[in-house]
Amino acid sequence: MTRNARIATPFPQLDIGLRIVCATLGGWAFSWGLVACGTAALAGLGLSFHDAEAVMQMLGLLSLLGVLLWSIAGASVLRIVGGLAIGATLLNLGAWLLQRALLA
């Protein structure tokens, strides 16, 4: 068996459906966390809120595109789900903590 050989899944439609759901919901959650965390960090560093928000929304759109492409092209659905779940959770938690610290 070669390194790049793919294991046939018994339900290929389920694999495709999971990738689409992960790409849509996971990509949105990841990008939202990135925008929220980056906006809070840049505002905390002294950049005006609206400038920080605009910059991070542009980067968030690029990250969403990257996550969508990665979710469809990734080798393992489990890796995609895990990466998006952990990444989105950490980014949203970091944004929540930064915002609490800035408002305190």
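Some observations on this one:
- When residues in the range 71-88 are screened for being in contact (Cβ under 8 Å) with a residue 24 or more places away in the chain and assigned to a helix (DSSP H, G or I), 9 of them pass.
- Filtering the range 53-70 to residues that are touching a residue at least 24 places away in the same chain (Cβ under 8 Å) and more than 10 Å from the chain's Cα centre (by Cα) leaves LEU59, LEU61.
- Applying the condition of being over 8 Å from the mean Cα position of the chain (by Cα) and buried (at least 22 other Cβ atoms within 10 Å of the Cβ) to the range 21-36 and asking which residue is modelled with the highest pLDDT yields VAL35.
- In the range 53-92, the qualifying residues are those that are of a type in the set (Ser, Thr, Tyr) and surrounded by 13 or more Cβ atoms within 10 Å (Cβ to Cβ), and the one that is farthest from THR39 (Cα to Cα) is SER71.
- Whichever residue in the range 37-48 is in a helix (DSSP H, G or I) and either in contact with a strand residue (DSSP E or B) (Cβ under 6 Å, 6 or more places away or on another chain) or among the small types (Gly, Ala, Ser) (or both) and, among such residues, is surrounded by the fewest Cβ atoms within 10 Å (Cβ to Cβ): GLY44
- Set side by side, the residues LEU59, LEU64 differ, and just one is closer than 18 Å to ILE20 by Cβ and at pLDDT 95 or above, which is LEU64.
The values are calculated or read from the model by the stated rules, or taken from the named source; none is laboratory data. Since the model is a prediction, treat every value here as computed from it, not as a measurement. All Cβ positions, even for glycine, are placed from backbone atoms using ideal geometry, and neighbour counts span all protein chains on display.
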